Amino acid sequence: MLRVLFLGGTGVISAACAQRAVEVGLDVTAVTRGRTGSRPLPPQVHRLTADVDDTRALAEVLEGDFDAVVDWLAFTPEQVRARTDLLHGRTGQYVFISSASAYQTPPSRVPITESTPLRNPFWAYSRDKIACEDLLVRLSREQDHPVTIVRPSHTYDRTLVPFDAGWTFVERLRRGVPVVVHGDGTSLWTLTHARDFARGFVGLLGHPRTLGEAFHLTSDDVLTWDQIAEALARAAGVPARIVHVTSDAIAAADPEWGAGLLGDKAHSSVFDNRKVRSVVPDFVATTPFEQGAREIVAWHDEDPARRVVDPRADALQDALVQRYGLPRDADG
């Protein structure tokens, strides 16, 4: 039985992957800080409690070797260096979770493949992921470190509304007030449900043909941002009233929101998944976003405490709508 260690395990993607891993019979251990949340670990997972950024504490809880270690919580080269030093000689595969936002932004061509250059001058998060990858490539070449790099794109589950305003976006739809969609709403975007991602990802664990390689892993379900907004509106039982605002204007009003747009969401992202299918040939994503949108709305509607409105995000959308024009109704 494959013995797998997750550093982390309760995030959007990692929780789905933990569930899939135990379903297919892997022996999974997860290191978390022991906090409970909306994504509890499956009961079959062995739980260890430590802050993974505390190298001494992490070393104290780890016992034995692992066939694969998945690092869900490394965002800087310093974190990667500490983990790889600790795990050297104790695992047959170190899986680093990077990001598809590390690819050339804006892309010079689509679909994006794993050979697309890594360059993102707009978003520090992506540049840090690139720096992590650069370090791991050197470790793989110079020290024969068993590295696999995985680049998720926009992956969601029922808890996550795929707009920066979060649930506030849906509440605005239900109140009948306009929502802001960046650009002209026609750029193409790939959304991947976490359980679909997990089907492909678990197949990479312990696979010898993944060592020294990088893979992105996404759905083939491509929508425009207007279509994403309209799917959420239909799931919420209301029409979508949309105001388009340029990403540059949004960035001027809110630099944090703008960084994620200019560094990622403003540009069309369509992916070629042939490489991951060459290793996991039965991988296929089966959840269209229309279904995912219904799951998102239903989960939030189950408990009023989940339907949190961010006053700042709400006010920012109001200000952008007032400044940049009348809404376009989705129905025409």
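Since every read-out is calculated from the coordinates, none of them should be taken as a lab result. All of these numbers come straight from a predicted model, not from anything done at the bench. Every residue, glycine as well, gets a Cβ built from its backbone with ideal geometry; the counts of neighbours run over all protein chains shown.
Observations, loosely collected:
- For region 307-313, 3J(HN,Hα) computed residue by residue from phi via the Karplus equation (6.51, -1.76, 1.60; θ = phi - 60°) reads 8, 8, 9, 8, x, 5, 5 Hz, glycine and proline entered as x.
- Cβ crowding within 10 Å ranks V69, V137, V80 as V137, V80, V69, fewest other Cβ atoms first.
- Applying 1/(1 + (r/R0)^6) with r as the Cβ-Cβ distance of R277 and R119 and R0 = 30 angstrom yields a FRET efficiency of 0.70.
- The alpha-carbon atoms of region 208-274, seen along their principal axes, cover 49, 32, 16 angstrom, with the largest extent given first.
- Legend: Rg and Dmax of region 165-233, from Cα coordinates, 17.0, 53 Å.
- Helix-only mean residue ellipticity at 222 nm for the chain, each DSSP H run of n ≥ 4 adding -39500 (n - 2.57), per residue, nearest 500: -11500 deg cm²/dmol
- Sorting R35, R158, R234 from the fewest to the most surrounding beta carbons within 10 angstrom yields R35, R234, R158.
- Region 22-165: C-alpha gyration tensor shape, a/c 1.5 cut-off, then a/b vs b/c: oblate
- Reference-scaled alpha-carbon Rg (2.2 N^0.38 Å with N residues) for region 1-75: 1.01
- Remark: the Cα gyration tensor places region 210-318 in the oblate category, a/c being 1.5 or greater and a/b not exceeding b/c.
- Per principal axis, descending, Cα span of region 148-296 in whole Å: 52, 32, 22
- Cα-projected label distance for D318 with H46, points at 7 Å along beta-carbon direction, nm: 5.4
- DSSP beta bridges in the chain [antiparallel fraction, %, rounded to 5]: 15
- Listed residues A240, Q79, G34: farthest to the positive end of the dipole of the chain (Cβ charges): A240
- Dividing the radius of gyration of the alpha carbons in region 110-154 by their Kirkwood radius gives 1.00 for Rg/Rh.
- Put a dot 7 Å past the Cα of R33, heading toward its Cβ, do the same for E290, and the two dots end up 4.1 nm apart.
- Size of electric dipole in the chain: Cβ of Lys, Arg +1 and of Asp, Glu -1, about Cα centre, debye, nearest 20: 160
- Listed residues L316, L118, L173, most fluctuating in the chain (Gaussian network, C-alpha, under 10 Å): L316
- Potential lengthening between R90 and L211 on full extension [0.36 nm per residue; Cα-Cα distance subtracted]: 42.0 nm
- Taking the charge dipole of region 181-245 about its Cα centre, with +1 at Lys and Arg Cβ atoms and -1 at Asp and Glu Cβ atoms, the residue from G203, L217, G185 reaching farthest to the positive side is G203.
- Cα lying deepest toward the dipole's positive end in the chain, options F96, P311, V61, charges on Cβ: F96
- Between helix 225-236 and the chain there is an angle of about 80 degrees, using the helix long axis and the longest principal axis of the Cα atoms.
- Peptides 47-59, 86-98 ranked from most to least packed give 86-98, 47-59, packing being the mean of other C-beta atoms within 10 angstrom over each peptide's residues.
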